[in-house]
Amino acid sequence: HEFASYFHEEVFELQSQSVRDFLVDTSVLEELSPAACAAVVSNPDARNILEEVFEGGLFLSDLDRELSRYRYYGLFREMVLGRLMRRAPERAAELHRRASTYFVEVGDLSRALEHAVLCGDKVFLADQLELLAEPMCYSGLLYRTDELASDLPWELQSTRPSLLLAMSWRKSRRLAFKSSQRLIEAAEAVIAARAESGEYTDY
């Protein structure tokens, strides 16, 4: 409590609005880079603000100064992120969606799914799992895909064929062949329906 009071009264309130927004919004990131920050805060000037925050001694440690990779001090990040989650959960969810989308683009699949989970939007998580199902399998992360997908309701699973096939592969590897067959048939049904409607090509 004393740390939080000190920070808000003696540090946070003395910063410009752009720096304050940056500190709050980027608290969803475990590791800060100019590109990740720009994606999350939707501000092309993120690199300059990141450097300003570091030079100002605002609770950042440098992981790789040449590549501009930083991390917030643990207690500081925990405090700011907790405050964000309590006071603006919808804003936090959108920031996690942006982070997930960014990490998909750069090929960091684990972080992409981590942020998809943290956003709390099951539809978005299902969409990200559908998008990443195949590369997750080839990256040796099939188990993680299946774990996350298994917690989703069937109505979200059943409309995403790539996800269904990934789940069926996990079931096959665990010798649960009947469950695997059910998932394959569900995937076939979705694919056939979308091919008939023209959404999918025959290929």
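Laid out as a table, the results:
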read-out	value
log10 of Debye I(q)/I(0), alpha-carbon scatterers only, for region 60-203 at 0.12, 0.13, 0.14 Å⁻¹	-0.61, -0.69, -0.77
Folded to 0 to 90 degrees: helix 74-87 orientation relative to the chain principal axis, Cα	70
Contour excess over end-to-end distance, with Cα ends at F3 and A176 and 0.36 nm allotted per residue	57.0 nm
R69 long-range amide H proximity, modeled H, under 5 Å	L63, D64
Cβ charges +1 (Lys, Arg) and -1 (Asp, Glu), total dipole of the chain, debye	820
Local electrostatic count, D108, Cβ distance below 12 Å [Lys/Arg +1, Asp/Glu -1]	-3
The chain, relative contact order [Cα under 8 Å, separation at least 6], %	12
3J(HN,Hα) from dihedral phi, region 101-116, Karplus parametrisation 6.51/-1.76/1.60, rounded to Hz, x for glycine, proline	4, 4, 5, 4, 4, 9, x, 8, 5, 4, 5, 4, 6, 4, 5, 4
Simple label model, 7 Å out from Cα along Cβ direction - Y200 to E188, nm	1.2
Rotationally averaged projected area of region 84-136 (alpha carbon convex hull; nm²)	3.2
From phi via Karplus (6.51, -1.76, 1.60), per-residue ³J(HN,Hα) for region 143-153 in Hz, x at Gly/Pro	4, 5, 4, 5, 4, 5, 5, 5, 8, 8, x
Cα-based helix-to-principal-axis angle, 161-173 vs the chain, degrees rounded to 10	80
Among E114, E55, E130: highest mean-square fluctuation, GNM of the chain, C-alpha pairs under 10 Å	E55
For the chain, built as a Gaussian network whose Cα springs stay under 10 Å, the top-fluctuating residue of D127, D25, D108	D108
Value at 222 nm in deg cm²/dmol, rounded to 500, when DSSP H runs of n ≥ 4 in the chain each add -39,500 (n - 2.57)	-20500 deg cm²/dmol
Segment R71-D127, extension gain: residue separation times 0.36 nm, minus the distance between their alpha carbons	17.3 nm
For region 22-107, size of Cβ-based charge dipole, Lys and Arg +1, Asp and Glu -1, in debye	400
Nearest 10 degrees, 0 to 90: helix 122-138 Cα axis against the chain principal axis	70
Net dipole in debye of region 94-203 [+1 Lys, Arg Cβ; -1 Asp, Glu Cβ; about Cα centre; nearest 20]	480
Surface share of carbon and sulfur [accessible, 1.4 angstrom probe, percent] for the chain	50
Selection of trypsin sites (Lys or Arg not before Pro), region 27-106, meeting DSSP coil and at most 15 other Cβ within 10 Å	R65
Positive-end residue, region 39-92 charge dipole about Cα centroid, Cβ charges, pick of L63, L75, N43	L75
Solvent exposure of the chain as accessible area per residue, Å², 1.4 Å probe	56
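The values are calculated or read from the model by the stated rules, or taken from the named source; none is laboratory data. Source: prediction; values computed, not measured. Ideal geometry is used to build each Cβ from the backbone, glycine not excepted, and the neighbour counts take in all protein chains shown. Just the protein is used for accessible areas: all its heavy atoms, side chains included, with ligands, DNA and RNA removed. Shrake-Rupley method; radii C 1.70, N 1.55, O 1.52, S 1.80 Å.
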